[in-house]
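The structure appears right after this line, and notes come after that.
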Amino acid sequence: VDADAKLLAVRAADGGMYLSTKRAARFDGETWLRRAGLSEPEPWPTETTSPDGRLSCDSLGCLYRARGQVAALAQGQGALAEDCGMAGVVVSLVPVRGACRGPRTVIDRFDLWRRGAYAIWLDPDHVAVASVRGWQGRRPWVPVPGRKRAGGDD
């Protein structure tokens with residue numbers, strides 16, 4: 001998921017990639033595809049299930065199933081009640097504010113703002129998560145969200 005919560009990507013069973021949109025965050029989407037050795041994304045299902053059965057979506061969000069894990073991709077508050085009870089991973093494009101109990105991993109809008117884009121790997125017995133900020137670390141040249149630099153109006 002990109003840092004602005006505008007773009008989601010998941011892997012298809014055949015190695016392809018589903019992108020939630022081709023319009024928002026185009027640079028990120030093109031970069032993700034290129035790094036995966038792909039030129040075009042698979043069509044993101046709306047109100048249906050992908051041909052490989054991994055990704056199913058409705059008006060509130062999507063569920064992604066791979067390697068015995070379930071990840072919920074919640075687009076609004078209405079999806080959280082159901083998704084938090086059934087998924088091991090929840091990625092919410094809106095703030096969760098502690099309303100999500102049950103999943104081992106919850107990434108919400110505030111996490112994206114604080115830590116940047118996230119990558120999630122699902123394995124049968126564990127979930128690995130990496131954020132851009134976590135990968136960059138706390139270094140003098142890495143900006144901290146919400147802080148202004150001394151002497152500047154940026």
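The values are calculated or read from the model by the stated rules, or taken from the named source; none is laboratory data. The shown structure was predicted, so the numbers you read here are calculated from the model rather than taken from an experiment. All Cβ positions, even for glycine, are placed from backbone atoms using ideal geometry, and neighbour counts span all protein chains on display.
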Checking Y18 against (1) part of a loop (DSSP other than H, G, I, E, B); (2) surrounded by 15 or more Cβ atoms within 10 Å (Cβ to Cβ); (3) at pLDDT 95 or above; (4) not β-branched (V, I, T), which test does it fail?
(1)
Note on the stretch 4-15: residues part of a loop (DSSP other than H, G, I, E, B) and modelled with pLDDT of 90 or more are L7, L8, A12, A13, D14, G15
Among the residues that make up the stretch 58-74, is at least one of them touching a strand residue (DSSP E or B) at 6+ places or on another chain (Cβ under 6 Å) and acidic (D, E)?
no
Among the residues of the stretch 1-48, count how many are of a type in the set (D, E) and closer than 26 Å to L60 by Cβ.
5
